[in-house]
1. Among the residues of the range 21-55, which ones are open to solvent by less than 60 Å² (accessible area, probe 1.4 Å) and among the hydrophobic types (A, V, I, L, M, F, W, C)?
2. Could you pull out every one of the helices (runs of 4 or more DSSP H) wholly within the range 1-105 that has 1 or more residues that are of a type in the set (Phe, Trp, Tyr) and more than 22 Å from Phe181 (Cβ to Cβ)?
3. Just for the range 24-39: of the residues that are under 15 Å from Gln101 (Cα atoms) and charged (D, E, K, R), which one is nearest to the chain's Cα centre (by Cα)?
4. Can you tell me which residues in the range 76-135 are surrounded by 22 or more Cβ atoms within 10 Å (Cβ to Cβ) and of a type in the set (D, E, K, R)?
5. Cβ-Cβ below 6 Å, separation at least six or inter-chain, first residue in the range 107-119 and more than 15 Å from Pro146 (Cα to Cα) and in a helix (DSSP H, G or I), second of a type in the set (S, T, N, Q) and open to solvent by 10 Å² or more (accessible area, probe 1.4 Å): which pairs?
6. Regarding Val163, is this residue open to solvent by less than 80 Å² (accessible area, probe 1.4 Å), at pLDDT 95 or above and not in a loop (DSSP other than H, G, I, E, B)?
Amino acid sequence: MPLMERAKNILLQPKQEWPVIDTEQTSVGELYKGYIIPLAAIGPIARLIGFSVIDGGAFRVPFTYGVRGAIVEYVLALLGTFVLALIIDALAPTFGGHKSQIQALKVAAYSSTAAWVAGIFLILPPLAILSIVGLYSLFLLYLGLPVLMKAPQDKAVGYTVVVILVAIVLYFVIGIIVAQFAWRPAMGMPGL
């Protein structure tokens, strides 16, 4: 399914789209190439433009720091999606679900759609607060876990909560790493 159509469907009619996603045959490479790589780039590119190219308001990130931070943020978003999928897969039996790494990656990728798309608000720093609409991804996760991981509906809330807590820790660590690259000059690299 084309990227834009899938993103629109998962955002606007997730209850109908998750069963469609469940039956699709795909691979890790196809998911990354056709969906994760383009969508995960939205936030880092928008942040670079908003805080390094366009004046970030009271605070402007030097362009070289912004580029370095955007690259690190992007790579870690790609890696974070994969790690989140491993966690979703590992937790599945605990909540009565079935293990499947590809299904777990589909959940991690497609439930992240709202957060990735909301990254566009970072292009204009005064609008950055609107990226909070990305929290809709939590609802997408809640809807997708029982469908793709075959967890019983009565355990879906617990499964979702545990995945969210682990994801918070994961993305907190990613945030710390990104901050190290975005705001500090590289050791031994003057001017960067």
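1. Scanning the range 21-55 gives Ile21, Leu31, Ile36, Leu39, Ala40, Ala41, Ile42, Ala46, Leu48, Ile49, Phe51.
2. Counting at least 1 such residues, we get 14-23.
3. Glu30
4. Listed by number, the list holds a single entry, Lys106.
5. Listed pairs, sorted by first residue: Ala114/Ser137; Ala115/Ser137; Ala118/Ser131.
6. Details: open to solvent by less than 80 Å² (accessible area, probe 1.4 Å): yes; at pLDDT 95 or above: yes; not in a loop (DSSP other than H, G, I, E, B): yes.
Yes: the conditions hold for Val163.
The values are calculated or read from the model by the stated rules, or taken from the named source; none is laboratory data. Everything numeric in this text was worked out from a predicted model, so none of it was measured. When we count neighbours, we look across all protein chains shown, and the Cβ atoms used for this are built from the backbone with ideal geometry, even at glycine. These area figures cover heavy atoms from the full protein model, side chains too; ligands, DNA and RNA do not enter into them. Shrake-Rupley method; radii C 1.70, N 1.55, O 1.52, S 1.80 Å.
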